[in-house]
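Nothing in this text is a laboratory measurement; each read-out follows from the coordinates by a stated rule. Just so it is clear, the structure is predicted and the values come from calculations on it, not from any experiment. A quick note on method: Cβ atoms are made from the backbone with ideal geometry, for glycine too, and the neighbour counts reach across all protein chains shown.
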Amino acid sequence: MPAPANSTAGPAAATVPNYLTEQGTTLKSWLTTHDHKRIALLYLVSITAFFFIGGAAATLIRLELATPAGDLVTHDTYNKLFTMHGVIMVWLFLIPSIPSALGNFLMPMMIGARDLAFPRLNLASWYIYVAGGIFTIAALIAGGVDTGWTFYTPFSTMFSNTHVILVLVGVFIVGFSSILTGLNFIVTVHTMRAPGMGWFRLPLFVWANYATSIILVLATPVLAMTLLLVAAERLFGVGIFDPALGGDPLLFQHLFWFYSHPAVYIMVLPAMGVVSEIIPCFARKRVFGYRFMAYAILGIAVFGFMVWGHHMFVSGSSVYGNMVFSLLSFLVAIPSAIKVFNWTATLYKGSITFSAPLLYALGFVGLFTIGGLTGLILASLAIDVHLTDTYFVVAHFHYIMVGGAVMAYLGGVHFWWPKISGRMYPESWGRVAALLIFFGFNLTFFPQYLLGYGGMPRRYHTYPPEFQLLNILSSAGASILAVGYLLPLGYLGWSLFYGKRAGANPWRATGLEWQTPSPPPTENFAHPPVVSTGPYGYEPQTGTEQPQ
Amino acid sequence: MKTAAPAAPASVPPQFDTPAQHDAAATLGLWVFLATELMFFGPLFFGYSYGRSHFPEAFAVASRHTDVVLGSINTAVLLTSSFTMALAVGMRKAKARRAAMWLLWATAALGVVFLCIKGTEYLHDWQQHLVPGTGFALEGGDSAGAQLFFFLYFATTALHAVHLTLGISATGIFALALQRGAAQFANGERIELVALYWHFVDVIWIFLYPILYLVGRSGG
C-alpha cells in the first residue's frame with residue numbers, strides 16, 4: 001500500500017525516502033522484499049482478509065441463531081460454518097495477528113536493530129502462511145469441514161465425511177510459519193539489541209512477543225505432529241487415537257490442548273504488550289511496576305504450559321489430576337491480576353487523553369478482566385461440569401480472544417498507524433469505532449454468559465424458544481460489532497491517501513520506534529541508536545497531549 | 001544519543017554489525033530450531049509412554065520382535081558418525097581442511113550405512129507382517145497394544161530417518177564445498193551448525209534405541 005504524496009503533504013515530508021518508496025512500488029518489490037516492515041504489511045493485508053472471511057461465517061451463525069428453529073441453514077452447514085469460523089479466526093487471524101503483523105514491524109525498531117536476524121526466513125514464513133491459508137480456503141470451497149476447530153477424535157478420524165485432511169494440512173503448514181516467526185523473534189531479541197538496550201530496558205511489547213515466541217516454538221510442533229497423526233489414522237488406518245489400534249481418543253485431547261491452551265497466551269500476551277505501550281503513553285506516566293510486568297508475562301507463558309487439562313474436566317480424567325489442573329489454572333490469575341492492577345495504577349493520577357488507541361486499550365483491560373474472572377469460574381471443577389460445552393464457555397473465550405486480543409490488536413493498529421503509514425487516521429472516527437466495538441461486543445457476548453448459565457449448549461443450530469430473547473440481543477450486538485469492524489477498514493484506507501501527515505512522533509511517545517521518521521527508512525535508523533535510559537520515561541507535567 | 005554506524009565487513013549480511021553477531025544469531029537460531037524439533041518428536045514419545053503404561057505385556061512381546069542385533073550395530077554406526085563429525089569440526093577450525101573434508105565424507109557415509117541397515121530391518125519387519133495397517137499379525141500378547149508399539153516404532157524411526165537424510169545432505173554439501181576449495185562457504189562456524197544438527201539426530205536415536213529395542217527385553 002504505497003502512500004503517494006499529494007495535497008495535504010508538506011513539501012519536505014513528501015521527499016523523505018522511506019520503506020514504502022525506497023525499494024520500489026511494484027508488486028514484485030513487495031513479494032520479494034526482505035524488509036521486516038514490508039513483510040509486516042504483507043501479513044497485515046492477509047490477516048485482514050482472513051478476519052473478514054471468518055467474520056462472514058460468524059455473521060451467518062448469528063443470523064441462524066436469531067430464531068429457535070433451524071430455518072436459515074441446515075445443521076450440516078451450521079457445523080461447517082462454526083468450524084470455518086474457528087479455524088480461520090484462530091490460526092489464520094489471531095495467532096499471527098499481533099506478532100506477525102505489528103511485532104514484525106515494531107520489534108526490530110523497538111530494540112534499535114535494522115531488521116530481524118533472519119530476513120529471508122521472515123519472508124518464507126509469510127509464504128508458508130499463505131500456502132496454509134490456501135489449503136484451508138480450498139477446504140472451504142470444496143465443501144467445508146464439520147469437526148469444529150478442535151478436530152476431536154474419533155469423529156475427525158473415523159466418522160466425519162468432510163474435507164478434514166485439507167484443513168489439517170492447512171493448519172499444519174501455517175504452524176511452521178508461526179515457528180519460523182517465533183524463532184526469528186527469539187534470536188533477534190537475544191542478539192540484535194542496540195548498545196545499552198539491556199533486558200530490563202526492553203519495552204513490554206518486546207517482552208510479550210519474546211515470551212509468545214517461546215510458546216510458538218515449543219507448543220506449535222506438538223500440534224503439528226498431532227495433526228499429522230490424525231491424518232495418518234484417517235488415511236491409512238494406523239495411529240494412536242483409535243482404541244482398536246491400541247490408541248486412545250483422549251490422547252488426542254491431551255496433545256491438542258497441550259498446544260491449544262498455550263495458544264490462548266499466544267493470542268493474549270502480545271495483546272498485553274500492546275496495551276502496555278498505549279496506556280503509559282496516553283496517561284503520560286511511566287508504566288507501574290515494570291519488572292513485575294515483565295515477570296508476569298514470563299509467568300503467564302510458563303503457567304500456560306501446565307493447565308491444558310482444564311479443557312478435559314468432563315473427559316473422564318483422574319479426579320486428582322483435575323484438581324492439580326484446576327489449581328494451576330487458578331494460579332494463572334495471579335500474574336494476570338498483577339498486569340491488570342499495574343495498568344490501573346499506571347492510569348492513576350495520570351494526565352489521560354482518551355484517544356482511540358487508549359479507548360481500545362481500556363476496552364481490553366475491562367473485557368480481559370471479565371474474560372479472566374469467568375475463566376476462574378470454569379476452572380472450578382464442580383461448576384465446570386455444569387458449564388462445559390455451553391455458551392458460557394463460548395462467551396468466556398470470546399471475551400479473551402475478541403474482547404482481549406482483537407481490541408488490543410486494533411488499538412495497536414491505530415497507535416502505530418502514523419508510524420506505519422506516515423499518516424494520521426481521523427481521530428473522531430477512531431473513537432466512534434472503538435466505542436461501537438466495545439458496546440457491540442458486550443451486547444453480543446454478555447447474553448451468551450447468561451445463555452450458557454441457563455444451559456444452552458454450544459454448536460447447535462436450534463434451541464428451545466425460551467432462549468430466544470438473549471439470542472436476539474446477541475445477534476443484534478453482532479451487527480453493531482460488524483459495523484465497528486468495517487469502519488476502521490474504511491477510514492484507515494481513506495487516511496492512506498488523505499490523512500494528515502504524521503510527524504516522527506505524533507504521540508510524543510518514548511519508544512525507539514518513534515525516534516525515526518514516519519514512515520521509517522528501510523534501515524530503520526539513520527544512525528544506530530544507543531540506549532542510555534529505561535523505557536517509558538514519560539513526564540506527567542507535560543500531559544497536555546492532544547492527538548493530531 | 002547517536003553514534004556513527006560501525007562499518008561491517010562485506011561478508012556479513014546487512015542486518016548485522018559484526019561477524020561475531022552473525023555467528024551468535026546463527027548458533028542460537030539452530031538451538032531454537034532443535035528445541036522445536038524435539039517438541040515435534042514429543043507426541044510420539046508421549047504416545048510411547050502411554051502405550052507402555054497401558055499395554056506393558058504387549059509392548060514387551062512386540063519389543064522382542066525388533067532386530068536387536070541390527071539395532072545395536074546401527075547405534076554403533078551412528079555414534080561413530082558423531083565422533084567423526086566432532087573431529088571434522090575440530091579439524092576445520094584448526095584449518096586442516098583436507099582432513100575435515102574426509103571426515104565429513106566419512107560422517108555422511110556412516111549415515112548412509114545406517115539408513116541401509118535400517119532399510120534391511122524394515123524389510124524383515126515387512127516379511128514378518130509387523131507393519132500396522134497391512135495385515136498386522138503378531139503371535140501372543142494383546143494385538144492392539146502390539147500394533148500400537150509397531151506404529152510408534154515405524155513413526156519414530158522413519159521420522160528419525162528423514163532427519164538423518166537431511167543431515168547427510170547437509171554434510172555432503174559441506175564436504176563437497178571443502179573438496180572444491182569453497183573455504184569461505186564451508187567455514188568452521190557453519191560446519192559446527194551442521195554438526196549440532198547431526199548430534200541432535202544422534203541424540204534422538206540414543207533415546208529411541210533403548211525404548212524400542214532394549215527395555216522390552218529386560219525382565220522375564
For n ≥ 4 DSSP H runs only, could you compute -39500 (n - 2.57) per run for chain A, divide by its residues and tell me the 222 nm figure to the nearest 500? -21000 deg cm²/dmol
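Over 30 Å between Cα atoms: which of A:37/B:95; A:349/A:419; A:339/A:500; A:28/A:419 fall into that group?
With Cα atoms farther than 30 Å apart: A:37/B:95; A:339/A:500.
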Which values, in whole Å and largest first, are the semi-axes of the equivalent ellipsoid of the protein assembly as shown obtained as the square root of 5 times each eigenvalue of the Cα gyration tensor? 44, 37, 22
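Full-extension gain between residue A:159 and residue A:71, please, as 0.36 nm times their residue separation minus the C-alpha to C-alpha distance. Before the final figure, lay out each step's value.
Details: separation 88, 0.36 × 88 = 31.68 nm, distance 2.57 nm.
Length gained between residue A:159 and residue A:71: 29.1 nm.
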Where only alpha carbons of the stretch B:1-102 are counted, the Rg and the Dmax (Å): 22.8, 71
Which value in nm describes the separation of the simple spin-label points at residue A:489 and residue B:184, placed 7 Å from the Cα toward the beta carbon? 5.0
So, counting K/R as plus one and D/E as minus one, what does the shell of residues with Cβ under 13 Å around residue B:73 add up to? -1
With axes computed from alpha carbons, what is the tilt in degrees of helix B:19-54 against the longest principal axis of chain B, rounded to the nearest 10 within 0 to 90? 10
Estimated distance in nm for a label pair at residue B:162 and residue A:348, the labels positioned 7 Å out from Cα along Cα-to-Cβ: 5.4
In nanometres, what is the gap between the two model label sites at residue A:381 and residue B:203, each 7 Å from Cα along Cα-to-Cβ? 3.7
Across B:40-50, the residue-averaged tally of Cβ atoms belonging to other chains within 10 Å stands at 6
For A:463, A:127, what's the fewest-to-most ordering of other Cβ within 10 Å of each Cβ? A:127, A:463
Give me log10 I(q)/I(0) at q = 0.11, 0.13, 0.21 Å⁻¹ for the stretch A:244-400, Debye formula, one equal scatterer per alpha-carbon, no solvent. -0.49, -0.64, -1.32
Over all directions, average the projected area of the Cα convex hull of chain B and note it in nm². 16.0
From the Cα centre of the stretch A:101-115 to that of the stretch A:478-541, the distance in Å is 13
So what are the stretch A:206-279's ellipsoid semi-axes, whole angstrom, largest first, if each one is the square root of 5 times an eigenvalue of the alpha-carbon gyration tensor? 35, 10, 8
